[in-house]
1. Of the candidates 19, 35, 47, which one comes out as most mobile in a Gaussian network treatment of the chain with C-alpha springs shorter than 10 Å?
2. Go ahead and run the numbers for FRET between residue 1 and residue 28, Cβ-Cβ distance against an R0 of 25 Å, rounding to 0.05.
3. Before rounding to the nearest 500, sum -39500 (n - 2.57) across all DSSP H runs of length at least 4 in the chain and divide by the residue total; then give [θ] at 222 nm in deg cm²/dmol.
4. For a Förster distance of 30 Å, can you work out the FRET efficiency between the beta-carbons of residue 8 and residue 78, rounded to the nearest 0.05?
5. Where the centre of each part is set by its Cα atoms, how far does the range 1-41 sit from the range 42-76, in angstrom?
6. Measure nothing fancy, just the Cα-based angle from helix 39-57's long axis to the longest principal axis of the chain, in degrees from 0 to 90, nearest 10.
7. Nearest 5 percent is fine: what portion of the DSSP beta bridges confined to the chain is antiparallel?
């Protein structure tokens, strides 16, 4: 039986840029940063970049054991109070 790789969890901090209409996110531990119109698009970009830099920055981490934890921040839209 092969040993199971220990999971490695990278936290991605994302925030909505209302002016630009995009999600901006980064993970300093990898390190990577990206922008996308959707959270799914942002995560896909982060995954692609992580796969590219992981061997150089974290040679002991098994790519099959990498997980992303997403922390997203978006300001509540202002709505007029009901009369």
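Read the figures in this text as sums done on the coordinates, not as results from a lab. Here the structure is a predicted model, which is why all the values come from computation and not from measurement. Neighbour counts are summed over all protein chains in view; Cβ atoms, including those assigned to glycine, are modelled from backbone coordinates with ideal geometry.
1. 19
2. 0.10
3. Value at 222 nm, helices only: -8000 deg cm²/dmol.
4. About 0.15, to the nearest 0.05.
5. Result: 5 Å between the Cα centres.
6. With rounding to tens, the tilt is 30 degrees.
7. If I count the DSSP bridges inside the chain, around 55 percent turn out antiparallel.
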